[in-house]
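What follows is a single structure, written as structure tokens, with notes after it.
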Amino acid sequence: MSTANRLEDIETELENVNAQIDSLELLNETIIAKYDSVLSRSLPSEDHDSYTEQHDAREKELSELQGYIANNNKSINEHFDTLDRLNNELSKLER
């Protein structure tokens, strides 16, 4: 593969990876908004019959949302590693 072709491939890959990072960051913003909404949901008083059930359901939902955010952040970090690798290859080719 010629250097020009590889440069073009890297540029395309960089655009794709950046788009994926942007998507994941937007998704995280949505999940964080949902998290805040769930967190601010009022619960019945602790002596109410349904308190434990509603509290546990809320905690489970918060935990799931935290898991989604953690997975997205892991993917974002992997994409940043890919960006570093591509940028390093790009700088070597452009010398």
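Numbers below:
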item	result
Test: residue in segment 4-22 that is among the small types (Gly, Ala, Ser) and modelled with pLDDT under 95	yes
All positions within segment 32-59 that are among the polar types (S, T, N, Q), assigned to a loop (DSSP other than H, G, I, E, B) and surrounded by 10 or more Cβ atoms within 10 Å (Cβ to Cβ)	SER50
Complete set of residues in segment 42-74 that are of a type in the set (Gly, Ala, Ser) and under 16 Å from ILE32 (Cβ atoms)	SER63, GLY67, ALA70
Near pairs, Cβ below 9 angstrom, 6+ apart or cross-chain, from segment 22-47 (without any contact (Cβ under 8 Å) to a residue 24 or more places away in the chain) to any residue that is exposed (fewer than 13 other Cβ atoms within 10 Å of the Cβ) and not acidic (Asp, Glu)	LEU43/SER50; PRO44/SER50; GLU46/THR52
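The values are calculated or read from the model by the stated rules, or taken from the named source; none is laboratory data. Owing to the predicted nature of the structure, the values given are computational and were not obtained by experimental measurement. For neighbour counting, all protein chains shown are included, and Cβ atoms are generated from backbone atoms with ideal geometry for every residue, glycine included.
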